[in-house]
Amino acid sequence: MSHQYGRVGVLYGGRSAERDVSLMSGKGVCEALRSKGVDAHLFDTGEQGLVELAQAGFDRVFIALHGRYGEDGTVQGALELLGVPYTGSGPLASSLAMDKIMTKKVWLQHGLPTPAFRVLHSRDDLAEAVASLGLPMILKPPHEGSTLGVTKVDTPEQLEPAFACAARFDTSVLAEQFIKGRELTVPILGKGAGARALPVIEIVAPGGNYDYEHKYISDDTRYLCPAPIEPGLTARLQRLAEEAYVALGCEGWGRADFMLDASGQPWLLEMNTSPGMTSHSLVPMGAQAEGMSYADLCVALLDAASCKVRSHSA
């Protein structure tokens, strides 16, 4: 048994709409760490509270939570208060990246390409969104992942049902310009100037519909790693991914999702700061393309675990 990392907690499950995915991620991570001799223990934040977390005696934790109360800075803040080192981004970067609206504002401030958008507070805002963005458009909840509540709207008749679908998850709805093209994703490891992009992955889903079913359940989606694109475009995507990651203050690991339009222009969609670690997941796939096994990736992420918020006197 390796004692290098002490007693390690793998936080999984949680209370978000992505709980089932997190259960799969956490189990995979825990098994991988144990295979490397790490004293790893599963801890379900959806069933156990902060008191139990404080009493668990973890020397560091691997965050395998997705969505709210896990990927959004809340757990990260609690771990800072407890003084327990953890994987991934800190409270601020986690919170920013979880909010797709704030993410886009930061990226636009840095001159990074992201589709045009409008924030909808009620159905009354739909007409203005159509006038400015046109159809088709995408409606999505700003604080969810795994394509939950996301609808492509092709006709005016689909607007209200799509709004209702997204509004089930959030108090506001993000309307986004639809980009027709190829779906690409770029995993990123590291921090600041040391952040580096892994190989670009192309996602080819049946009918172009990369929904929850095609992400986590079916085997119909194809993943092309490295993506079959020319080297110059690959380098551009990797550079954009790194810039988008650093702009939000991310660290540890992440994954930038893109659409590539017919003219070859990449558009940033979102940044994931606690990406999936399931059998279908893309960060392990990118790492594998560079010769890093799933277990080695888990250990490398755990090795970089730290508290991010420090006093000026620290």
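Just so you know, all these numbers are worked out from the coordinates, no wet-lab data involved. None of these values were measured; they are calculated from a predicted model. Note that we place each Cβ from the backbone using ideal geometry, even for glycine, and neighbour counts take in every protein chain shown.
Of K140/K180; K36/K308; K152/K180; K100/K191, which pairs sit farther than 23 Å apart, going by alpha carbon to alpha carbon? Among K140/K180; K36/K308; K152/K180; K100/K191, the Cα-Cα distance tops 23 Å for K36/K308. Near D39: Cβ cut-off under 13 Å, other residues only, Lys/Arg at +1 and Asp/Glu at -1. The net charge is +3. What the phi angles of segment 159-164 give under the Karplus curve with 6.51, -1.76 and 1.60, with θ = phi - 60°, is a coupling list of 4, 5, x, 5, 4, 4 Hz, glycine and proline written as x. Among 13-26, 295-308, 94-107, sorting by the average number of other beta carbon atoms lying within 10 angstrom of each residue, highest first, gives 13-26, 94-107, 295-308. A simple rule links phi to the HN-Hα coupling: the Karplus curve 6.51 cos²θ - 1.76 cosθ + 1.60 with θ = phi - 60°, which for segment 266-274 gives x, 10, 6, 9, 6, 10, 9, 9, 9 Hz, with x for Gly and Pro. Comparing R196, R236, R60 in a Gaussian network model of the chain, where Cα atoms under 10 Å apart are tied by springs, the biggest mean-square fluctuation is seen for R236.
For the residues P161, P136, P266, a GNM of the chain with alpha-carbon springs under 10 Å puts the largest fluctuation on P161. Rounded to the nearest 500, the 222 nm mean residue ellipticity of the chain from helices alone is -9500 deg cm²/dmol, with -39,500 (n - 2.57) taken per DSSP H run of at least 4 residues.
The GNM of the chain, with springs linking C-alpha atoms under 10 angstrom apart, assigns the highest mean-square fluctuation among G111, G134, G276 to G111.
Dipole size of the chain about its Cα centre, with +1 on Lys/Arg Cβ and -1 on Asp/Glu Cβ: approximately 620 debye, rounded to the nearest 20. At q = 0.11 Å⁻¹, work out log10 I(q)/I(0) for segment 2-87 with the Debye formula, treating every Cα as an identical point scatterer and leaving solvent out; two decimals please. Evaluating at q = 0.11 Å⁻¹ gives log10 I(q)/I(0) of -0.25. Seen from T87, the other residues with C-beta closer than 10 Å to its C-beta sum to a net charge of -1, counting Lys and Arg as +1 and Asp and Glu as -1. Each residue of segment 258-265 was assigned a 3J(HN,Hα) from its phi angle through the Karplus curve 6.51 cos²θ - 1.76 cosθ + 1.60 (θ = phi - 60°); the sequence is 10, 10, 10, 7, 5, 8, x, 8 Hz, with glycine and proline shown as x.
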